[in-house]
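To start, the structure under review is shown below, and the notes come after it.
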Amino acid sequence: MVDSALGVYRARWQEKPVLRTVYADMYRRIAAACISGPTLEVGGGAGNFKDYAPNVLSTDLQAAPWLDAVVDAQVLPFAETSFANIVGVDVLHHMHRPRCFFTEVTRVLRPAGRVVLVEPAITPLSWPIYHFLHEEPVRMGEDPLVDTPPNPGRNPYDANQAIPTTLFGRYRSRFHRIFPSLRLVARQHFGLIAYPLSGGFKEWSLLPARLAPPLLRLEDSLGPLLGRMMGFRMLVVVERRI
(Lines give C-alpha, C1' and ligand atoms only; values in the text may rest on other atoms or scores of the structure.)
Protein backbone atom coordinates (compact mmCIF):
# COMPACT_ATOMS: atom_id res chain seq x y z
CA MET A 1 0.00 0.00 0.00
CA VAL A 2 1.40 3.40 -0.99
CA ASP A 3 1.57 6.11 1.68
CA SER A 4 -1.01 8.77 0.82
CA ALA A 5 1.54 11.59 0.89
CA LEU A 6 3.88 9.73 -1.46
CA GLY A 7 0.97 9.15 -3.81
CA VAL A 8 0.14 12.85 -3.81
CA TYR A 9 3.78 13.77 -4.51
CA ARG A 10 3.95 11.26 -7.35
CA ALA A 11 0.76 12.62 -8.91
CA ARG A 12 1.89 16.22 -8.50
CA TRP A 13 5.17 15.37 -10.24
CA GLN A 14 3.32 13.96 -13.22
CA GLU A 15 0.84 16.87 -13.41
CA LYS A 16 3.15 19.87 -12.86
CA PRO A 17 5.73 20.61 -15.60
CA VAL A 18 7.39 23.49 -13.73
CA LEU A 19 8.01 21.16 -10.78
CA ARG A 20 9.79 18.68 -13.02
CA THR A 21 11.93 21.43 -14.54
CA VAL A 22 13.01 22.89 -11.20
CA TYR A 23 13.76 19.51 -9.63
CA ALA A 24 15.58 18.31 -12.74
CA ASP A 25 18.07 21.09 -12.02
CA MET A 26 18.57 19.70 -8.51
CA TYR A 27 18.95 16.13 -9.75
CA ARG A 28 21.51 17.17 -12.34
CA ARG A 29 23.54 18.88 -9.62
CA ILE A 30 23.46 15.72 -7.52
CA ALA A 31 24.40 13.46 -10.42
CA ALA A 32 27.30 15.75 -11.37
CA ALA A 33 28.69 15.60 -7.83
CA CYS A 34 28.62 11.78 -7.61
CA ILE A 35 31.61 9.57 -8.36
CA SER A 36 31.50 6.40 -10.42
CA GLY A 37 30.06 3.40 -8.62
CA PRO A 38 26.92 2.03 -6.94
CA THR A 39 24.60 4.71 -5.56
CA LEU A 40 22.07 4.54 -2.74
CA GLU A 41 19.22 7.04 -2.58
CA VAL A 42 17.69 7.60 0.85
CA GLY A 43 14.33 9.28 1.31
CA GLY A 44 13.45 8.46 -2.30
CA GLY A 45 9.85 9.61 -1.86
CA ALA A 46 8.12 9.92 -5.22
CA GLY A 47 11.02 8.11 -6.91
CA ASN A 48 11.90 10.84 -9.39
CA PHE A 49 15.69 10.75 -9.10
CA LYS A 50 15.73 7.37 -10.84
CA ASP A 51 14.80 9.19 -14.06
CA TYR A 52 18.20 10.91 -13.91
CA ALA A 53 20.25 8.08 -12.38
CA PRO A 54 18.60 4.82 -13.50
CA ASN A 55 21.10 2.57 -11.72
CA VAL A 56 20.46 4.04 -8.28
CA LEU A 57 19.02 1.88 -5.48
CA SER A 58 16.08 4.02 -4.36
CA THR A 59 14.83 3.58 -0.79
CA ASP A 60 12.50 5.23 1.70
CA LEU A 61 10.98 4.59 5.11
CA GLN A 62 7.71 3.84 3.33
CA ALA A 63 6.98 1.36 0.58
CA ALA A 64 5.93 2.31 -2.95
CA PRO A 65 5.99 0.44 -6.29
CA TRP A 66 8.56 2.84 -7.76
CA LEU A 67 11.02 2.31 -4.87
CA ASP A 68 13.42 -0.60 -4.51
CA ALA A 69 13.41 -1.14 -0.74
CA VAL A 70 12.11 0.10 2.60
CA VAL A 71 15.12 1.39 4.52
CA ASP A 72 15.74 3.64 7.53
CA ALA A 73 18.69 5.86 6.58
CA GLN A 74 19.71 5.96 10.25
CA VAL A 75 20.04 2.14 10.38
CA LEU A 76 21.26 1.07 6.95
CA PRO A 77 20.99 -2.70 6.27
CA PHE A 78 24.03 -2.86 4.01
CA ALA A 79 27.54 -4.25 4.34
CA GLU A 80 30.60 -2.08 4.90
CA THR A 81 31.85 -0.10 1.89
CA SER A 82 28.83 -1.09 -0.22
CA PHE A 83 28.33 2.24 -2.00
CA ALA A 84 30.29 4.88 -3.84
CA ASN A 85 27.54 7.46 -3.25
CA ILE A 86 24.63 8.10 -0.91
CA VAL A 87 22.23 10.73 -2.22
CA GLY A 88 19.03 12.38 -1.07
CA VAL A 89 16.71 15.33 -1.61
CA ASP A 90 14.98 16.88 1.41
CA VAL A 91 15.77 13.95 3.69
CA LEU A 92 18.40 15.17 6.18
CA HIS A 93 16.14 17.84 7.69
CA HIS A 94 13.52 15.15 8.39
CA MET A 95 15.92 12.94 10.35
CA HIS A 96 15.36 12.54 14.07
CA ARG A 97 18.96 11.35 14.54
CA PRO A 98 21.30 12.88 11.90
CA ARG A 99 24.29 11.71 13.93
CA CYS A 100 23.19 8.08 13.43
CA PHE A 101 22.89 8.66 9.69
CA PHE A 102 26.46 9.89 9.38
CA THR A 103 27.67 7.03 11.57
CA GLU A 104 26.11 4.69 9.04
CA VAL A 105 27.63 6.72 6.20
CA THR A 106 31.13 6.10 7.53
CA ARG A 107 30.39 2.37 7.52
CA VAL A 108 28.69 1.79 4.16
CA LEU A 109 30.58 4.34 2.02
CA ARG A 110 33.71 3.31 0.18
CA PRO A 111 36.89 5.33 0.68
CA ALA A 112 36.56 8.49 -1.46
CA GLY A 113 32.80 7.84 -1.55
CA ARG A 114 30.39 10.75 -1.28
CA VAL A 115 27.18 11.82 0.40
CA VAL A 116 25.40 14.26 -1.93
CA LEU A 117 22.32 16.04 -0.58
CA VAL A 118 20.00 18.86 -1.61
CA GLU A 119 18.31 20.50 1.37
CA PRO A 120 16.68 23.76 2.47
CA ALA A 121 19.14 26.62 2.93
CA ILE A 122 18.37 29.14 5.66
CA THR A 123 19.59 32.49 4.35
CA PRO A 124 18.56 36.10 5.09
CA LEU A 125 15.96 35.95 2.31
CA SER A 126 14.72 32.38 2.80
CA TRP A 127 14.41 32.45 6.61
CA PRO A 128 11.21 34.53 6.86
CA ILE A 129 9.59 32.57 4.03
CA TYR A 130 10.43 29.19 5.55
CA HIS A 131 9.66 30.38 9.08
CA PHE A 132 6.34 32.12 8.50
CA LEU A 133 4.93 30.54 5.33
CA HIS A 134 6.12 26.93 5.41
CA GLU A 135 4.49 24.21 7.50
CA GLU A 136 7.83 22.74 8.59
CA PRO A 137 9.54 24.56 11.49
CA VAL A 138 12.91 26.32 11.42
CA ARG A 139 14.63 25.79 14.79
CA MET A 140 18.07 27.35 14.51
CA GLY A 141 18.89 26.67 18.18
CA GLU A 142 18.41 22.90 17.96
CA ASP A 143 21.59 20.78 18.17
CA PRO A 144 21.66 18.51 15.07
CA LEU A 145 24.42 16.33 16.54
CA VAL A 146 22.77 15.42 19.83
CA ASP A 147 22.83 11.66 20.44
CA THR A 148 19.10 11.07 20.97
CA PRO A 149 17.48 7.66 21.55
CA PRO A 150 15.28 6.08 18.85
CA ASN A 151 11.63 7.13 18.73
CA PRO A 152 9.67 4.45 16.84
CA GLY A 153 6.43 6.43 17.08
CA ARG A 154 7.81 9.57 15.49
CA ASN A 155 6.05 10.86 12.36
CA PRO A 156 8.54 10.49 9.46
CA TYR A 157 7.37 13.86 8.10
CA ASP A 158 8.40 15.72 11.27
CA ALA A 159 11.21 18.10 10.40
CA ASN A 160 13.52 20.96 11.27
CA GLN A 161 14.50 22.85 8.13
CA ALA A 162 17.48 24.42 9.91
CA ILE A 163 19.40 21.15 10.34
CA PRO A 164 21.47 21.27 7.11
CA THR A 165 22.36 24.94 7.61
CA THR A 166 23.43 24.58 11.24
CA LEU A 167 25.10 21.18 10.80
CA PHE A 168 27.40 22.47 8.04
CA GLY A 169 27.65 25.98 9.43
CA ARG A 170 27.80 26.56 13.17
CA TYR A 171 28.39 22.88 13.99
CA ARG A 172 30.78 22.09 11.15
CA SER A 173 33.92 21.85 13.32
CA ARG A 174 32.15 19.59 15.78
CA PHE A 175 30.86 17.45 12.94
CA HIS A 176 34.44 16.91 11.76
CA ARG A 177 35.61 16.06 15.29
CA ILE A 178 32.88 13.44 15.66
CA PHE A 179 33.40 12.06 12.14
CA PRO A 180 37.11 12.52 11.38
CA SER A 181 36.88 10.35 8.25
CA LEU A 182 34.27 12.67 6.70
CA ARG A 183 34.96 16.06 5.17
CA LEU A 184 32.65 18.67 3.72
CA VAL A 185 34.03 19.24 0.22
CA ALA A 186 31.26 21.40 -1.24
CA ARG A 187 28.39 23.56 -0.01
CA GLN A 188 26.60 25.45 -2.75
CA HIS A 189 23.63 27.76 -2.27
CA PHE A 190 21.17 28.03 -5.14
CA GLY A 191 17.43 28.24 -5.82
CA LEU A 192 17.17 32.02 -5.73
CA ILE A 193 13.78 32.65 -7.33
CA ALA A 194 12.60 29.75 -9.48
CA TYR A 195 12.24 27.27 -6.63
CA PRO A 196 10.09 29.41 -4.29
CA LEU A 197 7.99 30.72 -7.19
CA SER A 198 7.35 27.17 -8.42
CA GLY A 199 5.61 26.23 -5.18
CA GLY A 200 7.55 22.97 -5.04
CA PHE A 201 5.19 20.04 -4.52
CA LYS A 202 2.32 22.37 -3.62
CA GLU A 203 -0.61 22.54 -6.01
CA TRP A 204 0.03 26.18 -6.93
CA SER A 205 2.81 27.85 -8.90
CA LEU A 206 3.63 31.50 -9.62
CA LEU A 207 6.17 30.54 -12.28
CA PRO A 208 4.98 29.61 -15.81
CA ALA A 209 6.68 26.42 -16.93
CA ARG A 210 8.06 28.07 -20.08
CA LEU A 211 9.94 30.67 -18.00
CA ALA A 212 11.60 28.16 -15.68
CA PRO A 213 14.52 27.11 -17.95
CA PRO A 214 15.77 30.65 -18.72
CA LEU A 215 15.31 31.69 -15.09
CA LEU A 216 17.33 28.70 -13.90
CA ARG A 217 20.10 29.59 -16.35
CA LEU A 218 20.14 33.14 -15.01
CA GLU A 219 20.32 31.83 -11.46
CA ASP A 220 23.33 29.70 -12.37
CA SER A 221 25.26 32.85 -13.22
CA LEU A 222 24.03 34.78 -10.16
CA GLY A 223 24.31 31.95 -7.64
CA PRO A 224 27.98 32.40 -6.70
CA LEU A 225 27.33 36.08 -5.97
CA LEU A 226 23.89 35.98 -4.35
CA GLY A 227 23.43 32.40 -3.13
CA ARG A 228 24.47 32.91 0.49
CA MET A 229 22.09 35.85 0.84
CA MET A 230 19.13 34.68 -1.25
CA GLY A 231 19.38 30.92 -1.80
CA PHE A 232 16.49 28.67 -0.79
CA ARG A 233 18.38 25.45 -1.54
CA MET A 234 21.76 24.02 -0.66
CA LEU A 235 23.84 21.29 -2.29
CA VAL A 236 26.07 19.54 0.24
CA VAL A 237 28.85 17.11 -0.68
CA VAL A 238 30.56 15.16 2.10
CA GLU A 239 33.41 12.83 1.21
CA ARG A 240 34.82 9.86 3.08
CA ARG A 241 38.55 10.46 3.09
CA ILE A 242 39.73 7.14 4.57
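A few notes on this one:
- Annotation: average projected area of the chain is 12.5 square nanometres, based on the convex hull of Cα atoms across all directions.
- Exposure rank, largest accessible area first [Tyr9, Tyr171; 1.4 Å]: Tyr9, Tyr171
- The overall shape of region 197-242 is prolate: from the C-alpha gyration tensor, with semi-axes ordered a ≥ b ≥ c, the ratio a/c is 1.5 or greater and a/b exceeds b/c.
- Cut-off 14 Å between beta-carbons: net charge of the residues surrounding Phe78, Lys and Arg +1, Asp and Glu -1: -3
- Note on the chain: dipole from Cβ charges, positive end direction compared against Phe232, Leu222, Leu167; the farthest Cα belongs to Leu222.
- When the alpha carbon gyration tensor of region 77-171 is reduced to an equivalent ellipsoid, its three semi-axes come out at 25, 16, 12 angstrom, largest first.
- Protection-proxy order for peptides 151-159, 139-147, 57-65, each taking the mean of Cβ atoms within 10 Å per residue, highest first: 57-65, 139-147, 151-159
- Net dipole in debye of region 149-242 [+1 Lys, Arg Cβ; -1 Asp, Glu Cβ; about Cα centre; nearest 20]: 480 debye
- Karplus-derived HN-Hα couplings along region 154-166 (A = 6.51, B = -1.76, C = 1.60, θ = phi - 60°), whole Hz, x at Gly and Pro: 5, 5, x, 8, 4, 7, 9, 5, 7, 3, x, 5, 6
- Rounded if a/c under 1.5, otherwise prolate or oblate - region 1-67, Cα gyration tensor axes: oblate
- Choice from Phe232, Phe179, Phe102 showing the highest fluctuation, given a GNM over the chain with Cα pairs closer than 10 Å: Phe179
- The mean sequence separation of alpha-carbon pairs under 8 Å and at least six residues apart, normalised by the residue count of the chain, gives a relative contact order of 23 percent.
- Residue with peak Gaussian network fluctuation, the chain [Cα springs, cutoff 10 Å], from Val42, Val71, Val115: Val71
- Between Lys202, Lys50, Lys16, the Gaussian network model of the chain with springs among Cα atoms under 10 angstrom shows the greatest mean-square fluctuation at Lys202.
- Taking the accessible area of the chain, probe 1.4 Å, and keeping the other protein chains in place, the carbon and sulfur fraction comes to 58%.
- Each of Ala31, Asn48, Phe132 was scored by the projection of its Cα onto the charge dipole of the chain, and the greatest displacement toward the positive side belongs to Ala31; charges sit on the C-beta of Lys, Arg, Asp and Glu.
- Region 151-210 pair-distance distribution - Cα-Cα, 5 Å bins, rounded %: 4, 12, 14, 15, 15, 17, 12, 7, 3, 0
- Gyration tensor verdict on region 19-159 (Cα atoms; rounded if a/c is under 1.5, prolate if a/b is larger than b/c, oblate otherwise): oblate
- His96 sits among other residues whose Cβ lies under 9 Å from its own Cβ, and their net charge, with Lys and Arg +1 and Asp and Glu -1, is +1.
The values are calculated or read from the model by the stated rules, or taken from the named source; none is laboratory data. None of the values given here were measured: they were computed from a predicted structure. Glycine also receives a Cβ, built like all others from the backbone with ideal geometry; neighbour counts cover every protein chain displayed. Keep in mind that these areas ignore ligands, DNA and RNA; they rest on the heavy atoms of the full protein, side chains included. Shrake-Rupley method; radii C 1.70, N 1.55, O 1.52, S 1.80 Å.
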